[in-house]
Amino acid sequence: MFASIPVACVGRALLSSEVVAPSMHYHDASRLAAVLADLRDRGYHCPEPADDELSAVATDGDHPIDGSDDPLSVERARDVTPLSLVSHIGAAADAGRVPVLVVDKWDLADVREILGEPFLLRGRSDGRRQFYSIPDRIALTDGRYACVRTDTEPRWQEESPAMMSVDDDRDRTGTDEPRLVLEADGSVQAGLEAGTLTCPGPDPAVFPYRYSRGTDRRIHVFDQDREVGRYAGIAAMRANAYRPVAMPLVPERHVRTGGQLARDVTLATVAPDGVAYEQP
């Protein structure tokens, strides 16, 4: 119901090297091991994870809170962001398994907000689904990236509320291609079909502005006819109200199969007195 969008054409405004301390790997693996040990006590068959493993499959046991009898995909969720969580959930559901996310207790409130109702959505207003934005930027068919000019952060939501019910997102299939609108400053900045958020990306005409880095290492901004600005970097571009357009997280484009398994996602937190489970 709800596979990941191809990202060959998608860019990020900033890339950085990520260094993870060995102690972080140890604590992550130990939390996962504690959950797997608890699941074994409940009759599940699952391996002892290696120190550098952060996921495992558990089968043939009794779900800790009377959930699905399907196999479990138990994964340590370190990054509590909409994109990270939907990646875990989508991979598990696509494999025919219930996602069990091992999270830290101080992250529970954020995870509940993202995975509670409305599931994987920023919100819902007048029947319109409001989408989270993710770090990926929208690459256009001319090789440049989409941007808009606004004093506020643009946000994605669904168009035509009269055509959907409050619970429409529960019944969507992989063939659905909702039309999305990008709004800021109280007006629509752009509109497109969700199906165009692939490679190749949308036509440049969809957005009022686009940008790219030139051979001079500066950021060049264009409207539909000409270059309208040149900046030392993204921060300087934003300071003049030109904002890169972030990709919206449309749930059914990340979780195309196993929609009910995705909805059965279970959270596991490790405490001194044992493991606690809940469904958001």
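Numbers at a glance
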{"item": "Qualifying positions in region 109-157 - part of a helix (DSSP H, G or I) and open to solvent by less than 20 Å² (accessible area, probe 1.4 Å)", "result": "VAL111, ILE114, LEU115"}
{"item": "The lone exception for SER73 - which of (1) buried (at least 19 other Cβ atoms within 10 Å of the Cβ); (2) outside the structural domain of ALA37 (by the TED database); (3) polar (S, T, N, Q) it fails", "result": "(2)"}
{"item": "Those residues of region 22-49 which are at pLDDT below 85, open to solvent by less than 50 Å² (accessible area, probe 1.4 Å) and not small (Gly, Ala, Ser), in sequence order", "result": "ASP28, PRO49"}
{"item": "Condition met for GLU227 (touching a strand residue (DSSP E or B) at 6+ places or on another chain (Cβ under 6 Å), surrounded by fewer than 19 Cβ atoms within 10 Å (Cβ to Cβ), at pLDDT below 95 and acidic (Asp, Glu))", "result": "no"}
{"item": "Spans of strands (runs of 3 or more DSSP E) in region 189-267 with at least 2 residues not hydrophobic (A, V, I, L, M, F, W, C)", "result": "209-213, 227-231, 242-244"}
{"item": "Residues within region 106-123 that are in contact with a strand residue (DSSP E or B) (Cβ under 6 Å, 6 or more places away or on another chain) and not aliphatic (A, V, I, L, M), tallied", "result": "3"}
{"item": "TYR277 being part of a strand (DSSP E or B), within 30 Å of ALA34 (Cβ to Cβ) and aromatic (Phe, Trp, Tyr)", "result": "yes"}
{"item": "Boolean, GLU177 is among the charged types (D, E, K, R), surrounded by fewer than 20 Cβ atoms within 10 Å (Cβ to Cβ) and at pLDDT below 90", "result": "yes"}
{"item": "Test for ALA92: is it open to solvent by less than 20 Å² (accessible area, probe 1.4 Å) and either assigned to a loop (DSSP other than H, G, I, E, B) or under 20 Å from ALA262 (Cβ atoms) (or both)", "result": "yes"}
{"item": "Failed item, numbered, when ASP171 is tested on (1) modelled with pLDDT under 95; (2) within 30 Å of PRO64 (Cβ to Cβ); (3) touching a strand residue (DSSP E or B) at 6+ places or on another chain (Cβ under 8 Å)", "result": "(3)"}
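The values are calculated or read from the model by the stated rules, or taken from the named source; none is laboratory data. Not measured: the values here are computed from a predicted model. Quick reminder, even Gly has a Cβ in these numbers, built from the backbone with ideal geometry, and neighbours come from all protein chains shown. To get the accessible areas, we keep the full protein, side chains included, count just its heavy atoms, and leave off ligands, DNA and RNA. Shrake-Rupley method; radii C 1.70, N 1.55, O 1.52, S 1.80 Å.
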